[in-house]
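Undergrad: One structure coming up, written as C-alpha cells, with questions to follow.
The values are calculated or read from the model by the stated rules, or taken from the named source; none is laboratory data. All figures in this text were calculated on a predicted structure; none of them were measured in a lab. All Cβ positions, even for glycine, are placed from backbone atoms using ideal geometry, and neighbour counts span all protein chains on display.
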Amino acid sequence: MKAEKNILIAFILNLTFSIFELIGGVFTGSVAVLSDSVHDIGDAASIGISLILEKKSRKQPDGKYTYGYARYSVLGSIITTFILLFGSAAVIYNAAMRIIEPAEINYNGMIIFAVAGVTVNSFAAFFTREGNSLNQKAVNLHMLEDVLGWAVVLIGAVVMRFTDFALIDPIISIGVSLFIFVNAIMNLKEVLDLFLEKVPDGIDIDEIREHIAEIDGVKDVHHIHIRSIDGNTHHATMHIVTDLTGYQIKTDIRKELREHGIAHATLELEAENEKCSDEQCHTEFSENHGHSHHHHHHRLRHGHRH
C-alpha cells in the first residue's frame, strides 16, 4: 500500500537522521539541535508504531473485530501524539535550564546541522504529504513540524553566529516545542472524539433526517446513530417507517447517505402501525416495551406448539 511505503520511507529517513542529530546536538552544544533530535527520535519511534498499526488496520473484518481493524491506525495516532507531548515537555524543561545557566555553542556546526535538518525533513514531508488516514496525517504533521523546527533553528543559528547572543538558542527551542505541544493536543482531541463515538465532523444529523424524510415512501425516520470508524469511513444505523417493502426504498436512502459521506448503513424498516420497541419517548417506551415483549412471548409459545 502507498501509505505504508511512504510511512516507511519517512521512518528510515527520520531514524537515521535523529541518531545523526543527537550526536550533533552534543557536539555543537546547542539545546535547539538537541531538542529537535529528541522530537525526531519520538517521531521515528511513533512512525514505526504507526507503520505496524497501519498495516494491521487494513485487515478485513472477522469474527473478533466485526467493524474491521481500522481503529488500529487511530491507535497509532494516539501513541504518536503522547510521545510528542512527553518529548516537547522534556525539551521545554531543558531549555529553561539553559536560560538559567547558558552554555558554549558551536555556531558553525549548528548551522550545518540545521541545513541538513531542513533538507532531510523536507524529503520526508514530501513523501507523506498525500494520505487521508488520521495516522498518515499525524505522521505528515510531524514531518512538517520538523521542517519548520529546523528552519527556525537555522535562522537562529545564523543570527547567533553574527551577534553571539546565546539565549536565542533555548528561546527557539521553547517556541518550537510549544508549537508541537499545541498541535499534538489538537490531534488528540480529534482522536478521542472518534473513540467517544461522537458524530463525525461535517455531518449534521438534522439535515440527514430532513433529506431522508423527503424520500418517496418514507413516513418517518428516527434513531439515527452515526459514528466514524477511523475518521474516513462513517457508519450509520436508523429506523425507517414505511409501507413499502425493502429494496427500492433502501437503495434511495443509501444513495442519500452516500452524498453525506456515509458508506456503511444499517437500516431497520418498520410498518406504520408497528410500534418501535425503543422509541425515545419515555411514556410510550414503557407501554411499547410491554407490548412488544408480550407479543414476543406469544409468538414463542405459538412456535413451541408447532
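Undergrad: Can Val147 be described as part of a helix (DSSP H, G or I), within 17 Å of Ser37 (Cα to Cα) and at pLDDT 85 or above?
TA: no
Undergrad: Could you please let me know if Ile100 is without any contact (Cβ under 8 Å) to a residue 40 or more places away in the chain, surrounded by fewer than 22 Cβ atoms within 10 Å (Cβ to Cβ), assigned by TED's automatic domain parsing to the domain that holds Gly117 and among the aliphatic types (A, V, I, L, M)?
TA: Working: without any contact (Cβ under 8 Å) to a residue 40 or more places away in the chain: yes; surrounded by fewer than 22 Cβ atoms within 10 Å (Cβ to Cβ): yes; assigned by TED's automatic domain parsing to the domain that holds Gly117: yes; among the aliphatic types (A, V, I, L, M): yes.
Taking the combined requirement at face value, the residue satisfies it.
Undergrad: Taking only the stretch 157-171 into account, find how many residues are assigned to a helix (DSSP H, G or I) and among the acidic types (Asp, Glu). I'd like the intermediate steps shown before the answer.
TA: Going through the stretch 157-171, the residues assigned to a helix (DSSP H, G or I) turn out to be 157-163, 168-171.
Applying the additional criterion that residues be among the acidic types (Asp, Glu) yields 169.
Residues in the stretch 157-171 being assigned to a helix (DSSP H, G or I) and among the acidic types (Asp, Glu): 1 in total.
Undergrad: Looking at the stretch 206-236, which of the residues that are assigned to a loop (DSSP other than H, G, I, E, B) and among the small types (Gly, Ala, Ser) is surrounded by the fewest Cβ atoms within 10 Å (Cβ to Cβ)? First the steps, then the outcome.
TA: Just the residues of the stretch 206-236 that are assigned to a loop (DSSP other than H, G, I, E, B), to begin with: 214-217, 229-233.
Retained after the next criterion (residues that are among the small types (Gly, Ala, Ser)): 217, 231.
Details: Gly217: 14, Gly231: 22.
Among residues in the stretch 206-236 that are assigned to a loop (DSSP other than H, G, I, E, B) and among the small types (Gly, Ala, Ser), the one surrounded by the fewest Cβ atoms within 10 Å (Cβ to Cβ) is Gly217.
Undergrad: Another question, if that's okay. Here are Val158, Val152: which of them is at pLDDT below 85 and more than 21 Å from the chain's Cα centre (by Cα)? Before the answer, list the steps.
TA: Numbers: Val158 fails: at pLDDT below 85.
Selected residue: Val152, the only one of Val158, Val152 that is at pLDDT below 85 and more than 21 Å from the chain's Cα centre (by Cα).
Undergrad: For the stretch 69-98, name all the residues that are more than 19 Å from Leu196 (Cα to Cα) and of a type in the set (Phe, Trp, Tyr).
TA: Phe86, Tyr93
Undergrad: Go through the stretch 237-254 and count every residue that is among the aliphatic types (A, V, I, L, M) and outside any helix (DSSP H, G or I). I'd like the intermediate steps shown before the answer.
TA: First pass over the stretch 237-254, keeping only residues among the aliphatic types (A, V, I, L, M): 238, 240-241, 244, 249, 253.
Add one more test, that the residue is outside any helix (DSSP H, G or I), and what stays is 238, 240-241, 244.
Residues meeting the conditions: 4.
Undergrad: Let me ask something else. Scan the stretch 162-187 for residues that are of a type in the set (A, V, I, L, M) and either within 12 Å of Val31 (Cα to Cα) or crowded, with 18+ Cβ neighbours inside 10 Å (or both) and report the count.
TA: Of the residues in the stretch 162-187, the ones of a type in the set (A, V, I, L, M) are 166-168, 171-172, 174, 176, 178, 180, 182, 184-186.
From what's left, either within 12 Å of Val31 (Cα to Cα) or crowded, with 18+ Cβ neighbours inside 10 Å (or both): 166-168, 171-172, 174, 176, 180, 184.
Matching residues across the stretch 162-187 total 9.
Undergrad: Do you know which of the residues in the stretch 185-199 that are without any contact (Cβ under 8 Å) to a residue 40 or more places away in the chain and either part of a loop (DSSP other than H, G, I, E, B) or touching a strand residue (DSSP E or B) at 6+ places or on another chain (Cβ under 7 Å) (or both) is farthest from His264 (Cα to Cα)?
TA: Taking the stretch 185-199 as the starting set, the residues that turn out to be without any contact (Cβ under 8 Å) to a residue 40 or more places away in the chain are 186, 189, 192-193, 196-199.
Next cut, either part of a loop (DSSP other than H, G, I, E, B) or touching a strand residue (DSSP E or B) at 6+ places or on another chain (Cβ under 7 Å) (or both) only: 196-199.
Values: Leu196: 19, Glu197: 15, Lys198: 16, Val199: 14 Å.
Step by step, filter the stretch 185-199, then rank; the result is Leu196.
Undergrad: Pick from the stretch 184-227 the residues that are closer than 23 Å to Thr80 by Cβ and in contact with a His (Cβ under 9 Å, 6 or more places away or on another chain): which of them is modelled with the highest pLDDT?
TA: Going through the stretch 184-227, the residues closer than 23 Å to Thr80 by Cβ turn out to be 184-198, 200-201, 227.
If we keep only those that are in contact with a His (Cβ under 9 Å, 6 or more places away or on another chain) as well, we get 197, 200, 227.
Numbers: Glu197: 85, Pro200: 84, Arg227: 89.
If we take residues in the stretch 184-227 being closer than 23 Å to Thr80 by Cβ and in contact with a His (Cβ under 9 Å, 6 or more places away or on another chain), then Arg227 is modelled with the highest pLDDT.
Undergrad: Got a sec? Which helices (runs of 4 or more DSSP H) wholly within the stretch 1-101 have at least 1 residues that are farther than 22 Å from Ala124 by Cβ and either touching a Pro at 6+ places or on another chain (Cβ under 6 Å) or modelled with pLDDT of 80 or more (or both)?
TA: Where helices (runs of 4 or more DSSP H) fall fully within the stretch 1-101 and carry at least 1 residues being farther than 22 Å from Ala124 by Cβ and either touching a Pro at 6+ places or on another chain (Cβ under 6 Å) or modelled with pLDDT of 80 or more (or both), they are 31-56, 71-100.
Undergrad: Please enumerate the residues belonging to the stretch 255-275 that are in a loop (DSSP other than H, G, I, E, B) and either at pLDDT 85 or above or within 15 Å of Val218 (Cα to Cα) (or both). Write out each step before concluding.
TA: We begin by selecting, within the stretch 255-275, every residue in a loop (DSSP other than H, G, I, E, B); these are 260-263, 271-275.
Listed by number, the residues that qualify are His260, Ile262, Ala271, Glu272, Asn273, Glu274.
Undergrad: Can we say Leu154 is in contact (Cβ under 8 Å) with a residue 40 or more places away in the chain, under 21 Å from Asn94 (Cα atoms) and loosely packed, with under 14 Cβ neighbours inside 10 Å?
TA: Values: in contact (Cβ under 8 Å) with a residue 40 or more places away in the chain: yes; under 21 Å from Asn94 (Cα atoms): yes; loosely packed, with under 14 Cβ neighbours inside 10 Å: no.
So Leu154 does not fit the description; no.
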